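This report refers to the structure that appears directly beneath it.
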Amino acid sequence: WELSASHVKRHAIAATKVDVEDNSGEHAHRHLSDIATIVEASTLDDEIKRTSMRIFTRLADAEAAAHRMTREEIHFHEVGAIDSIVDIVGAATALHLMGIQEVYASPIPAGRGFVKCAHGLMPLPAPGTMELLKGVPIEPSDIEKELVTPTGAAIIATVACGFGAIPRMTVDAIGYGAGGRDLEAQPNMLRALIGTKTGDGGSGVADSITIVQTNIDD
């Protein structure tokens with residue numbers, strides 16, 4: 001496989017679009033154990049391997065729940081392809097190389113309509129994606145497109161430690177990644193802010209603090 005990056009604009013905002021070009025010519029349907037073998041056989045840092053497998057395992061569990069199968073029975077179709085493996089391992093590698101300690105995200109946009117995949121016609125968000133978004137705040141959208149893929153949902157649901165408003169932080173760097181479609185309703189991109197926490201480091205949501213008190217007599 002090869003990575004290529006190009007400069008594009010989405011609603012006049014400059015962004016980088018990264019494509020994974022699969023040169024293998026294969027269309028493999030892999031099990032979780034197959035992907036684990038690929039990851040473990042790599043020369044990547046152990047932390048990257050652990051993060052990657054946490055994402056893949058969460059994805060397998062979500063697909064298993066959606067199709068009422070076991071984790072071991074799940075065949076990764078689109079997600080088992082080379083480009084999706086590179087997406088997930090690449091995200092884990094990026095977090096490691098940049099020294100990211102915590103990830104916070106905005107609520108996830110839920111598109112509407114249907115998408116055609118290996119299993120047939122699926123409602124949006126796809127069943128596996130919805131399983132991944134359990135416990136994650138989502139926002140409604142009238143856009144009839146797939147705004148969050150299973151791969152994207154698996155990554156953010158695994159690595160994010162909070163969802164909501166931008167946390168108190170000093171921003172050091174900003175990046176814009178473009179999606180393949182140029183949506184009419186809104187810019188199709190992901191914005192990443194990298195910086196340092198300030199103040200209490202909260203994510204915009206008040207923390208719950210439990211105080212245990214007792215009186216000690218004699």
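If you take all other residues with their beta carbon under 13 Å from the beta carbon of Ala60, and give Lys and Arg +1 and Asp and Glu -1, the sum is -2. Bridge orientation summary for the chain: considering DSSP beta bridges with both residues in this region, about 75 percent are antiparallel. Given that just one value was derived from the coordinates, which of (1) 190; (2) 236; (3) 110 is volume of the Cα convex hull per residue in Å³? Looking at volume of the Cα convex hull per residue in Å³ for this model, the match is (1). Positive end of the dipole of the range 17-96 (Cβ unit charges, origin at the Cα centre): among Val86, Ser33, Ala65, the Cα lying farthest that way belongs to Ala65.
Mean sequence separation of contacting Cα pairs (under 8 Å, at least six apart), scaled by the length of the chain, corresponds to a relative contact order of 20 percent. A DSSP coil position with no more than 13 other Cβ atoms inside 10 Å describes the following trypsin sites (Lys or Arg not before Pro) in the range 74-149: Lys134. In this structure, Asp46 and Arg168 have a Cβ-Cβ separation that, at R0 = 35 Å, corresponds to a calculated FRET efficiency of about 0.65. Quick check on the range 44-168: take the gyration tensor over C-alpha atoms, sort the square-rooted eigenvalues as a ≥ b ≥ c, and tell me if it's rounded (a/c under 1.5), prolate or oblate. Oblate, because a/c is 1.5 or more while a/b does not exceed b/c.
For GluC sites (Glu not before Pro), the sites in the range 21-87 that DSSP calls loop and that have at most 12 other Cβ atoms within 10 Å are Glu26. Using Cβ point charges alone (K and R +1, D and E -1), the dipole size of the chain about the Cα centre works out to roughly 540 debye.
Here, each number is a calculation from the coordinates, and none is a lab measurement. Given the structure is predicted, the values throughout are model-derived calculations rather than measurements. As a convention, Cβ positions derive from the backbone with ideal geometry for all residues, glycine included, and neighbour counts pool all protein chains shown.
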